[in-house]
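Take a look at the structure below.
Laboratory data are not the source of any read-out in this text; all were calculated from the coordinates shown. As the structure is a computational prediction, the values presented were derived from the model and not from experiment. FYI the Cβ positions are ideal-geometry reconstructions off the backbone, even for glycines, and counts take in every protein chain you see.
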Amino acid sequence: MLKGANDWFRALAWPLRLRKRASSWALSPYPEARAFGFTIVHDADSAYSRRLAPIMEAFDAIGLKITVTVFPFWAAWAPDPVQMWKQWWAQDPFFAPVAVPLEDPEERQFYVELARRGHEIAMHTPSETSSCRADVIRAFEFFESVFGFPPKMYVEHSPDNNLDAQKRSGSDPTSSYYNTDLLNRSGCWVWVCDEETEFSNVVGKQFNVLSDQDGPFCPRAREKFGILRAFLRSPTKPSDGDGFLTAFDDRTFNALEKERGLAIVYTHLAMGWLDPKTRRLRHDIAQRLEGLARRNVWFAPASAILDRFSAIRQVELRSSPTSVVVVNRSNASLPGVTVAAPAGYSLARPEGGKLPRLPGGLINIGELQAGAMRGFRIVKWSD
């Protein structure tokens, strides 16, 4: 049960507990000596490019790069969905259209431009309705034809209604809706919508708290459904603009910074993020995000963060009283590798040259190539 602010924070983000003791050295998963990580995963429900555009422009202005999900195809519940949408557009071309998919030419152009600006485009299942295995294959092929590569992230939609969800028939090899193997084969990160693989943040209810070992990953999805690259999100209930403001305030940001935590915020940008009068990002949300951007935060799309966390788990740090050695056992070249130093110490290169110790004891040791090893001398540092 919740007992205070610390419990509330632990439900919102994942503290890394790098400072296990005052004399310890540790690796940080964040590059360039950033103190904590933050991103948004946007749910495509009710979305439309004209309403998303001003929100994304505001994100660009502060350097916030996010993951934007999209439905590849029109929903099958309308006999002629294109004609139905066009009728809505005629009535109100800004507010009426909802869940317009990637196969619409104007939407496709919008999402390609977002990707060019550094945002990640992800798949929110093939369409709003149940998608059989053939539809999933077709959606992945269409997505790749648009962007040149398959989606790096896949977010389930409406698992209580859609048969392709893992909790329904998506994980049943005997079903025509089976897709677990397709998701694993693609290599994408998957958010599985299931009560055992997500957080609940209703005040007064029991919270799932991630262990340091699991980080943002979801081993329960592997055990229950066989999904190999599943991740967990930070909770916002409701997952809209008001929910974001409630869950992520200065208290939460302070805790994230102090604990070197991570927030993967799941929200519907189409719900309560836009001011309907000004048709811009709500002023109160803009102020909250601008304050966040002034902190030592790492903004990156969700898959980039998850890839970094995954690679850092294969980096080894060894320390002695006089030296620190860092070995990259992963297959990825890691820029801006960051070491967290105990109070009063920094590192120096073997040939000389003390590395700056930044607030929080963070030291950027630079890029570490795949398979590379680098050693440093421990030196005293006066803040």
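Of note:
- In this simple spin-label approximation, Glu316 and Ala115 carry label points 7 Å from Cα along the Cα→Cβ vector, and these lie 3.8 nm apart.
- In order through the range 53-70: 3J(HN,Hα) via Karplus (6.51 cos²θ - 1.76 cosθ + 1.60), integer Hz, x for Gly, Pro: 3, x, 5, 5, 5, 5, 5, 4, 5, 9, x, 7, 9, 10, 9, 10, 8, 8
- Amide hydrogen neighbours beyond the local backbone of Ser234, cut-off 5 Å, H modeled: Ile264, Val265, Tyr266
- Taking max minus min of the alpha-carbon positions on each principal axis, the range 203-338 gives extents of 59, 39, 30 Å, largest first.
- For Leu182, Leu306, the sequence from fewest to most other C-beta atoms within 10 Å is Leu182, Leu306.
- Diffusion coefficient of the range 39-183 by Stokes-Einstein, Kirkwood radius over Cα pairs, 4 °C, 1.567 mPa s: 82 µm²/s.
- Candidates Thr236, Thr338, Thr278: whichever shows maximal mean-square fluctuation once the chain is modelled as a Gaussian network with Cα springs under 10 Å: Thr278
- Structure remark: mean-square fluctuation, Gaussian network model of the chain, C-alpha springs under 10 Å; the largest value among Asp194, Asp92, Asp60 belongs to Asp92.
- Most fluctuating residue given options Lys152, Lys237, Lys86, as computed from a GNM of the chain linking Cα atoms under 10 Å: Lys86
- Calculated mean residue ellipticity, 222 nm, the chain: -8500 deg cm²/dmol, from DSSP H runs (n ≥ 4) at -39500 (n - 2.57) each, averaged per residue and rounded to 500.
- Under 5 Å from the amide H of Asp240 lie the amide H atoms of His268, each residue being 5 or more positions distant or on a separate chain, with H modelled from the backbone and absent for Pro and chain starts.
- Note: relative contact order over the chain, using C-alpha pairs below 8 Å and six or more positions apart, is 24 percent.
- Ranked for footprinting exposure by Cβ neighbours inside 10 Å, fewest first, Met123, Met84 give Met84, Met123.
- Least to most buried among Ser323, Ser382 (fewest other Cβ within 10 Å first): Ser382, Ser323
- Residues whose amide H lies under 5 Å from that of Ser131, counting only those 5 or more places away or on a different chain, are Leu163, Asp164; hydrogens are built 1.01 Å from N in the peptide plane.
- Pairwise inverse Cα distances across the chain, averaged and inverted, put the Kirkwood hydrodynamic radius at 22.1 Å.
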